[in-house]
Amino acid sequence: MDQVKTISSYRKRHKRWQDRIPLQTRHLSQLVDTQLIPYFETFGFTQVGKQYLSADRNDLVEAKDICLEKIIDNKIQNIYISFDKYDSPKFQIYFNLHQLVPDIEFISSESLVRKSNQYVCFWGKPWWLPRIFWTDAMSKYLIKKLLLIIKQILDFLKTGVRGENIGNKKILFKK
């Protein structure tokens with residue numbers, strides 16, 4: 001499948017997913033679609049329906065996920081937003097940098113987190129809060145908060161400088 005057909009297929013699947021999820025999650029997902037994705041697109045990222053580096057040509061981006069890619073100087077920058085598999089109004093943001101040639105290999109891979117001592121973070125509804133209490137105002141506040149710190153992703157992918165909201169894998173292996 002070429003990338004145009006793939007993104008068209010992805011958008012249909014993503015829309016069907018949004019139509020069947022709870023209202024709280026749908027509202028948060030639509031805010032991500034209308035505010036976070038355009039932010040990254042202003043910096044040259046393109047939303048894709050299949051990752052460039054996927055070994056299996058049939059391995060499409062899941063309907064609940066969003067994948068953005070940008071190729072610069074034989075490197076691929078990738079941003080991946082993944083919603084909760086149980087349709088809760090929360091998501092994670094991963095990003096990585098790959099070498100394009102001669103071999104496709106990871107240069108770095110990290111997550112956007114609340115505190116630098118975290119490895120991963122779900123953005124959105126906390127686990128202890130019933131979904132019914134997650135409001136549209138909470139989703140708007142979350143996106144507004146993310147827009148203030150999200151530039152750290154771009155800085156990390158471009159320069160390797162780790163901001164205070166970039167996950168730290170080394171902490172996992174700390175003795």
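Since every read-out is calculated from the coordinates, none of them should be taken as a lab result. Owing to the predicted nature of the structure, the values given are computational and were not obtained by experimental measurement. Positions of Cβ are backbone-derived with ideal geometry, glycine not excepted, and every protein chain shown enters the neighbour counts.
So here's what we get for this one:
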{"item": "Approximate shape of segment 3-173 as ellipsoid semi-axes (Cα gyration tensor, √5λ), whole Å, largest first", "result": "25, 21, 14"}
{"item": "Pairwise FRET efficiency - Asp19 versus Ser108, Cβ, R0 = 30 Å, nearest 0.05", "result": "0.25"}
{"item": "Mean separation of Cα contacts under 8 Å (6+ apart) over length of the chain, as relative contact order %", "result": "19 percent"}
{"item": "Gap separating the Cα centres of segment 1-23 and segment 129-166, nearest whole Å", "result": "23 Å"}
{"item": "Set Lys85/Lys115; Lys75/Lys144; Lys12/Lys145; Lys50/Lys85 screened for pairs whose C-alpha atoms are more than 25 Å apart", "result": "Lys75/Lys144; Lys12/Lys145"}
{"item": "Paramagnetic reach from Asn168 in segment 106-130 [backbone N under 11 Å; point 7 Å along Cα→Cβ]", "result": "115-119"}
{"item": "Value of [θ]222 nm, deg cm²/dmol, for the chain, DSSP H segments ≥ 4, -39500 (n - 2.57) each, nearest 500", "result": "-9500 deg cm²/dmol"}
{"item": "Interchain or long-range residues, amide H under 5 Å from Ser108's placed H", "result": "Leu97"}
{"item": "For segment 81-158, alpha-carbon Rg over 2.2 N^0.38 Å", "result": "1.30"}
{"item": "Order of Glu110, Glu62 - criterion: other Cβ atoms within 10 Å of each residue's Cβ, fewest first", "result": "Glu62, Glu110"}
{"item": "5 angstrom amide H check on Gln51, placed H, neighbours 5+ away", "result": "Val61"}
